[in-house]
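This report refers to the structure that appears directly beneath it.
The values are calculated or read from the model by the stated rules, or taken from the named source; none is laboratory data. Please read all numbers here as calculations on a predicted model, not as lab measurements. Here the Cβ positions follow ideal geometry from the backbone for every residue, glycine too, while neighbour counts run over all protein chains shown.
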Amino acid sequence: MEINSIKDLIDALEGLGEPEEGHTRFFRGHSNAREYKLEPSIYREDNKYYYNEDNIIRDAIVNNPSEFSDKDTLFNTLVKLQHYGYPTRLLDLTTNALVSIYFSVKNNDKYDGEIIIFDIPNEDIKYFDSDTVSVLSALSLRKHNFSTNTHIITLKAKVLCEKANFLYKINKNFNLTNDCLDLKNEIEKHFKSELDLPYDEELIEKFEREIQDADLGTSDDLVEEVYQNRLKEIEEISYIQAFNNTPEISKLLHDIRKDKPSFRSLINHNDLEKVICVKPQLNNNRIIRQQGCFLLFGIDKIKEKKAILNNNWIKKDNNGSKFIIPKKSKENILSELKTFGISQKTLFPELESQAKEILEKYKK
């Protein structure tokens, strides 16, 4: 769908209707619809800055100490770096459609622009101080070869042993088969040095209480149901415990605890592969004026690959087409935006950003 005026934009939004219940709408503008991608600047192929992401952040802080405070969270540091043009794992969004179309038309007159409209589920929208934001932000300080795949085989072995231990212990009280013990003994031969997690006796007690409290007594069907539930719980708990004890995740936890000293070792590996929308603190005039927020990208198993953005968030017109601003309409839309108070001067309140527009006004 072509957007040639503000009226066209309004018509397009009316055609989409309101977001589904439980979703919130956001916008992003690209001045070059052909070449610009929905990816954070740290992952753009032309520079491959992700290889030195941790060094870029530390160098920026070391060389500009007055700009950063020990009280800044890592996410706030990323926001500040984004503000000054550093490559980060953030991607700017706005809640204001007019702001997004401004960025679609403000330059690159040789190319068509584009507005991307997102309807993001509320459960994937986090505040700046959420634990998920802290976890994903901390990825920026890990080395380029960071991976969640490194210890998968060992982790699975630990999980199997925990399940086998559970079977062994409950077999003392209930007549259940114990097919895992041979496997447990075999695994321990290969992973003995790795199997150092304490077994949680509370799970056994929980199982026994559920059997005792059940109305059906200790019928085989009931025991089997409770037993399967406990095995699933053990698998989840033991995997998370093992994952958080790996060397790479221990380092990640160290960085997280700089912001949150009491952060618990309960990172789920799936959380590292998310893309979330973050509502930042409104302590930055540019963010306030642009009604800004961010997509924060995790990784796709290895740090050299960004997490995959959910395409279901992106809205298209009724024909499944993108919202394109033809290059011939950019100047006209810029003029229309000024009548709505949207311009370089209003969206970029810093003195150096306003110079061009102020000087253009008095140019002879």
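Of all residues in the stretch 67-101, those that are touching a residue at least 12 places away in the same chain (Cβ under 8 Å) and of a type in the set (D, E, K, R) total 4.
Among the residues of the stretch 290-297, are any in contact (Cβ under 8 Å) with a residue 24 or more places away in the chain, farther than 29 Å from ILE10 by Cβ, not in a helix (DSSP H, G or I) and not acidic (Asp, Glu)?
Of all residues in the stretch 290-297, those in contact (Cβ under 8 Å) with a residue 24 or more places away in the chain come to 290-297.
Subset that is farther than 29 Å from ILE10 by Cβ: 296-297.
If we keep only those that are not in a helix (DSSP H, G or I) as well, we get 296-297.
Within this subset, residues satisfying the condition of being not acidic (Asp, Glu) are 296-297.
Among the residues of the stretch 290-297, at least one is in contact (Cβ under 8 Å) with a residue 24 or more places away in the chain, farther than 29 Å from ILE10 by Cβ, not in a helix (DSSP H, G or I) and not acidic (Asp, Glu), which makes the answer yes.
Residues in the stretch 214-264 that are at pLDDT below 90, in a loop (DSSP other than H, G, I, E, B) and surrounded by 15 or more Cβ atoms within 10 Å (Cβ to Cβ): 2 in all. Counting only helices (runs of 4 or more DSSP H) wholly contained in the stretch 1-107, the ones carrying 1 or more residues that are of a type in the set (S, T, N, Q) and modelled with pLDDT of 95 or more occupy 53-63, 74-83, 97-105.
Say whether the condition of being surrounded by 11 or more Cβ atoms within 10 Å (Cβ to Cβ) and part of a helix (DSSP H, G or I) is met by at least one residue in the stretch 316-327. Walk me through how you get there before you give the answer.
Keep residues of the stretch 316-327 that are surrounded by 11 or more Cβ atoms within 10 Å (Cβ to Cβ), which gives 316-317, 322-327.
Imposing the further condition that a residue be part of a helix (DSSP H, G or I) reduces the set to 327.
Yes; the residues of the stretch 316-327 include at least one that is surrounded by 11 or more Cβ atoms within 10 Å (Cβ to Cβ) and part of a helix (DSSP H, G or I).
Go through the stretch 38-57 and give me each residue that's surrounded by 11 or more Cβ atoms within 10 Å (Cβ to Cβ) and without any contact (Cβ under 8 Å) to a residue 24 or more places away in the chain.
Applying the first criterion (surrounded by 11 or more Cβ atoms within 10 Å (Cβ to Cβ)) to the stretch 38-57 yields 38-44, 47-57.
Listed by number, the residues that qualify are LYS48, ASN55.
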